[in-house]
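Take a look at the structure set out below.
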Amino acid sequence: MVIKSTSRNFERKKIELMKQNAKNLHTCPLCGEKIEVGFEKGILSKVAEDGNYPFPHVHLHGSPLHAMICYVDRHSVVRAVGGIRSIEISRDSKTFQQFMAKWSNPY
Ligand SMILES: [Zn+2]
């Protein structure tokens, strides 16, 4: 039990660390949901290497499934937001595995 609790605390701290860049609360233009967006540090590093700003970030949610697209500047601040109704997901096992991995990692 103690080990499990420690593991849970570690996991929570890890998520908090990842979320420290989540300083953007935005309203989805399609459904009106208020969504806190955050970015994986690894992705931010890759974008910084590329130097292409603003970079697009997609947040999938809702029923029916749709997305909010955010354009993010070099300070991790969302500068523009849009809605995406048209979504297509490849039906192959590699994509499904990546989707599940992303699902378990909120950022
Ligand atoms: Zn929405």
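Some values worked out for this structure:
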item: Any chance Leu17 is touching an Asp or Glu at 6+ places or on another chain (Cβ under 7 Å) and at pLDDT below 90; result: no
item: Qualifying residue in segment 63-83 (condition: near the ligand (Cβ under 10 Å from one of its atoms), in a loop (DSSP other than H, G, I, E, B) and of a type in the set (A, V, I, L, M, F, W, C)); result: yes
item: Every residue from segment 35-59 that is within 16 Å of the ligand (Cβ to nearest atom), at pLDDT below 95 and of a type in the set (A, V, I, L, M, F, W, C); result: Ile35, Val37
item: Cβ pairs under 9 Å, 6+ apart, first in segment 39-64 and more than 19 Å from Met100 (Cβ to Cβ) and in contact (Cβ under 8 Å) with a residue 12 or more places away in the chain, second among the small types (Gly, Ala, Ser) and in a loop (DSSP other than H, G, I, E, B); result: Phe39/Ala22; Phe39/Ser76; Leu44/Ser76
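The values are calculated or read from the model by the stated rules, or taken from the named source; none is laboratory data. Here the structure is a predicted model, which is why all the values come from computation and not from measurement. With ideal geometry, Cβ positions are generated from the backbone for all residues, glycine too; neighbour counts draw on all protein chains shown.
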